[in-house]
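Here's the structure we're looking at; comments come further down.
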Amino acid sequence: MSLIDSVMAGLALVGNWEAFLSLAIGVVIGVVGGAIPGISATMAVALALPFTFPMQPINGILLLLGVYKGGIFGGSIPAILIKTPGTPASSATILDGHPMAERGEAGRALGMALWASCTADFVSNLALIFFAGFLASFALSFGPPEFFALILFSLTIIAGVSGESLLRGALSALLGLLLATIGLDLVYGTNRFTFGDPNLMGGLNFIAVLIGLFAIPEVINMVWHPTGHMGKVQKLGSKWVTFAEYKRCFRSIIRGSFIGVFLGSIPGIGAAPAAFLSYSEARRKSPNKANFGKGEIEGVAASEAGNNGVAGATLIPLLALGVPGDVITAIIIGAFMVHGLQPGPMMFVLNVDIIYGLFIGLILSSGILFVVGGLAIRGFRPVADIPKRILMPMVLVLCIYGVFAVNNNIFDVGVMFVMGWVGFVMSRYHIPAAPFLIAFILGPLLEDNFRQSMLMSGGSPDILLRGPITWFFWTLTVIAIVAITRGTMRAAQSEG
Amino acid sequence: MQVQLGIGAIIGALFLILYAIPYWVSSPSNVRNIVLSPLFWPYILGGLTALIGLALVLTGRQRLGGGDPVNEPIDDPRQGMMRLAAMAVLMMATFWVMPWLGMVWTSMLAFVALAFLVKTRHPATAFICAIVVPLVLYAFFAHVASVAIPQGELVRLP
Amino acid sequence: MKLRHLGAFCAMGLGLAAAPALAEYPERPINMIIPYGAGGATDISARTIAEPLGTAVGGTLVMSNITGAGGATGSVAVQNAKPDGYTMLFARVGSHSVNPAMKATLPYTLDDYRFVTVYEINPVACAVRPDSGIESMEDLVSLTESEGTSYSSSGVGSMLHLAAVFVLDEFGVKDPLEKATHIPQKGGGAAATAVLNGTATFLCTNTSALASFVANGQLKPLMVTTDEPVPGFDAPSASSLGKSDLTQLVGWTGIAGPDDLPDDVAAKWGEWMAEAAGNEKFVEQMTARGSVIEVMSPEEANEFIETQYETFRALVDKLGMRIEG
């Protein structure tokens, strides 16, 4: 079957209002779900799944993909408005989005988040359509040694989000790495810092740590200084993002989209590291570096481009290999199987109409996201006008419900509270929270892939340099470290 | 302050290396290769923490008297500490009471207590929100998202 | 108060009210705990039976994933729950026969649960990459003996971990722990990927997890642990290879409550399960994944799990695989 035939077959499947409607409903569910902390994109997809069983396969899958994409964008709404990421992927958006909201420019930040998200989503979908085959075979050449090198390189982005002091950033990262060791050991299954408690054996819940670290310190800070916000007007603001700003950030958005596509096509990394990497790259390249972390609109654009760039690309390993890249796509695979479809190379032969139908639907989804997202921003407008001393108790209650719902475990609420105090003390000592979070995500990956490599080679370190991919990332790591050291030296000299 | 932080990091690292890792991380006796041991990575992290602590102390001493970021001062530090202590008690109470009283009722109480603690200027609004917000969240999570929100032993909601 | 009591309180909070008159059981939603994450074999199995089961029960079933520690976190939540039948567990081969057999520090034992049924059995298949040059179990065994091989699993103490060792041991590999390297991954999906990208030589896991890879020709099955061949898997059965002991090595999903679950509640579950598992759509969906639907009575379920546990325990003790720390 030629390409034209395939496209026509796909069009025949999705060229009706049911397909369009399911996609739109999906995006709406996703944006709303993503905007409620604790629901997150993952849970929204899981909740929508059973409702898609009776639908046509293509419509059901389009609905779920809509939820996924909507959820990743929706997470940025609470991240900007109340400093609580609705979905882990939007934690990088807080860094500049929330300071903007505090300046009374929440509307501008949200507008940029939407534009960047839709652009990245579009780029990601195009990448899926054109490069699925190529990127998928590339993804399979990533074994533990390659992962180890990639993650080691990703850890250097900590320097980009450390703020003023690299040492404090490093301290924060170490704290995150240490907390991530709690739980059962990967290779031997023995206990590490669990004190025999079954709740600790699974490790600290990521969402509980995330919300505890970002949202709860705000609440505690309000208790410490109840009138501190007076004089700072937090409003949505009349200012909306302009096309000139979009143009200014366009390079960062495209760069972020490609970072997202690349990391998304490799199983097991996910959207949060992509957002942070895109953010730190944008900061490195930007002429107004000093503004990052204080409400620079380009930071919002880069983070949102990074995480939405992942959304289309995670479908590459899913469709081409049948391998889910993250939890969300693992759930979506369930939907394929319920309908008797088996993702993998054979699907491009057996169900080519569905594949092309999905492609066409995905292209549409970027446009739908733009419309629905714009409406959602207006819908959530009132949040910005709630008096802060009413808003904070609301945030507290919302976080309690949300964190419980993630794993149905009250213990996680306790973890969130404790992490809230850790975050508060860290902010008193001006230790940035972002490196902690990145280290908490990447730390276990780094350790596991290192030990898996060692198991593969029988303890010989040679395996860590086994092929061109590893050489490439090692080189990048060395370059990054040299650049960071030189930058720090220069800063120290100009100071002294 | 940076020196304090550095010293804190060094003490923490020593505690990890000398006490916490040997006692709280268990490792099987038949580990063939040291790099595969469950202890290997924690020890590396402990060592790195000590190094960073040392660097913090050294650089902190160099530029004593300036360069450190400062916190915004508040008018009533003593009462501020009291409020923080009250917040800690509030969180602990919330955590321990929740299984018995149920999440909805506990969060209503927590809402009121917190609004009172930050001395809200809209007590009536706060009170209404304290009742409405947990109920709405309950309705959403329990009936739309089908999450088994803890109900407690006293009054069950439909 | 000790932290470990916390789980008890969590679970109690979920399902408490003034002592319900059991004649009316269930008078409120039943909380069904799935101790594994969304998208996994247990989750799919649980959510597939949820609909016919809900109809049979005539009440609401709330599905709650409590993940962590290879199923232990969710299992402990039920262990400590009030035995009133309002908190039940989807138990799985990993959490309730492999884990107890392998982990000395596990916070629960089989005696802490009362099984009301086992409703799904899913055979295990061992698979390699088609370009690995391994065509049969014989090839795999001789390669293991000569050069050594490696296998992936979803973690230490998972069914996949034990399955690979069990198979090698049955096929006469002396000291399989030394000759084959275990490369644990995080989760079943990652375990399959590890074989796909060449990190590990082979894996032994449920046919449901392998079906799509086998259908796509990405993985080649070498053997299935059944008496009869499994449709869709072009590989000999364990019995035809003369290793009928391996038929003990199957995945299953069952439903359990805390150990002092009242008899009438258990009896009710027996009726409900018989009705739910008769649902045609359910059977069709499950068999499409290679599962066998067979509802066991509480006694049969207990005996089945106990036998499997003993088999695994004997192997673990023989090879010194028990995790003590």
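The values are calculated or read from the model by the stated rules, or taken from the named source; none is laboratory data. Everything quoted here is computed from the prediction, not taken from an experiment. Positions of Cβ are backbone-derived with ideal geometry, glycine not excepted, and every protein chain shown enters the neighbour counts.
Couple of notes before you dig in:
- Subset of segment A:408-442 that is within 14 Å of chain C (Cβ to nearest Cβ) and either of a type in the set (D, E) or not in a helix (DSSP H, G or I) (or both) - its residue that is farthest from C:P35 (Cα to Cα): A:D412
- Residue tally, condition more than 8 Å from chain C (Cβ to nearest Cβ), more than 30 Å from A:Y279 (Cβ to Cβ) and in a loop (DSSP other than H, G, I, E, B), over segment A:156-202: 2
- Out of C:I49, C:I30, C:I34, one residue alone is under 24 Å from B:L154 (Cβ atoms), touching a residue at least 12 places away in the same chain (Cβ under 8 Å) and not small (G, A, S). It is C:I30.
- Of the residues making up segment A:258-277, those that are within 14 Å of chain C (Cβ to nearest Cβ) and either over 8 Å from the mean Cα position of the chain (by Cα) or surrounded by 24 or more Cβ atoms within 10 Å (Cβ to Cβ) (or both) number 5.
- Every residue from segment B:81-108 that is surrounded by fewer than 18 Cβ atoms within 10 Å (Cβ to Cβ), away from chain C (no Cβ under 13 Å) and over 18 Å from the mean Cα position of the chain (by Cα): none
- In the set (1) surrounded by fewer than 21 Cβ atoms within 10 Å (Cβ to Cβ); (2) closer than 30 Å to C:D111 by Cβ; (3) within 14 Å of chain A (Cβ to nearest Cβ); (4) polar (S, T, N, Q), the condition left unmet by C:Q248 is number (3).
- Condition check for A:L445: out of contact with any His (no Cβ under 6 Å at 6 or more places or on another chain), farther than 19 Å from A:S40 by Cβ and within 10 Å of another protein chain (Cβ to nearest Cβ): yes
- The residue list A:T119, A:T181 contains one member that is touching a helix residue (DSSP H, G or I) at 6+ places or on another chain (Cβ under 9 Å), in contact (Cβ under 8 Å) with a residue 60 or more places away in the chain and farther than 22 Å from A:L442 by Cβ, which is A:T119.
- Subset of segment C:129-157 [assigned to a loop (DSSP other than H, G, I, E, B) and crowded, with 16+ Cβ neighbours inside 10 Å]: C:R129, C:I134, C:S154, C:G155, C:V156, C:G157
- Segment A:89-111 - residue that is part of a helix (DSSP H, G or I) and of a type in the set (D, E) and, of those, surrounded by the fewest Cβ atoms within 10 Å (Cβ to Cβ): A:E102
- The residues on offer are A:F73, A:F147, and the sole one that is crowded, with 24+ Cβ neighbours inside 10 Å, under 22 Å from A:S280 (Cβ atoms) and within 14 Å of another protein chain (Cβ to nearest Cβ) is A:F147.
- The condition (being within 14 Å of chain C (Cβ to nearest Cβ), assigned to a loop (DSSP other than H, G, I, E, B) and free of Cβ contacts under 8 Å to residues at least 12 places away in the same chain) is satisfied by just one residue among B:P28, B:P38: B:P28.
- Hey, C:A81 touching a residue at least 40 places away in the same chain (Cβ under 8 Å), in a helix (DSSP H, G or I) and in contact with a Gly (Cβ under 9 Å, 6 or more places away or on another chain) or not: no
- Test: C:E170 is in contact with a Ser or Thr (Cβ under 7 Å, 6 or more places away or on another chain), buried (at least 20 other Cβ atoms within 10 Å of the Cβ), of a type in the set (D, E, K, R) and in contact (Cβ under 8 Å) with a residue 40 or more places away in the chain: no
- Of all the residues in segment A:159-192, those that are closer than 27 Å to A:P37 by Cβ and in contact with a strand residue (DSSP E or B) (Cβ under 8 Å, 6 or more places away or on another chain) number 3.
- Segment A:365-386, residues that are part of a helix (DSSP H, G or I) and out of contact with any helix residue (DSSP H, G or I) (no Cβ under 6 Å at 6 or more places or on another chain): A:G367, A:V371, A:G374, A:L375, A:R378, A:G379, A:R381, A:P382, A:D385
- Segment C:107-146, residues that are within 24 Å of C:A50 (Cα to Cα) and hydroxyl-bearing (S, T, Y): C:Y113, C:T117, C:Y119
- Among the residues of segment A:104-112, some residue qualifies, meaning at least one is within 26 Å of A:M426 (Cα to Cα) and more than 21 Å from the chain's Cα centre (by Cα).
- Test for A:V310: is it surrounded by fewer than 24 Cβ atoms within 10 Å (Cβ to Cβ), out of contact with any His (no Cβ under 7 Å at 6 or more places or on another chain) and closer than 15 Å to A:A89 by Cα: no
- B:A110 falls short of the stated requirement of being at pLDDT below 90 and either touching a Gly at 6+ places or on another chain (Cβ under 7 Å) or of a type outside the set (D, E, K, R) (or both).
- All positions within segment B:109-129 that are small (G, A, S) and more than 7 Å from every other protein chain (Cβ to nearest Cβ): B:A113, B:A124
- Members of segment C:26-65 found to be modelled with pLDDT of 90 or more and part of a loop (DSSP other than H, G, I, E, B), listed by number: C:P35
- Test: residue in segment A:33-47 that is in a helix (DSSP H, G or I), away from every other protein chain (no Cβ under 14 Å) and touching a residue at least 60 places away in the same chain (Cβ under 8 Å): no
- If only residues of segment C:171-200 that are at pLDDT 90 or above and β-branched (V, I, T) are counted, the one that is farthest from the chain's Cα centre (by Cα) is C:T199.
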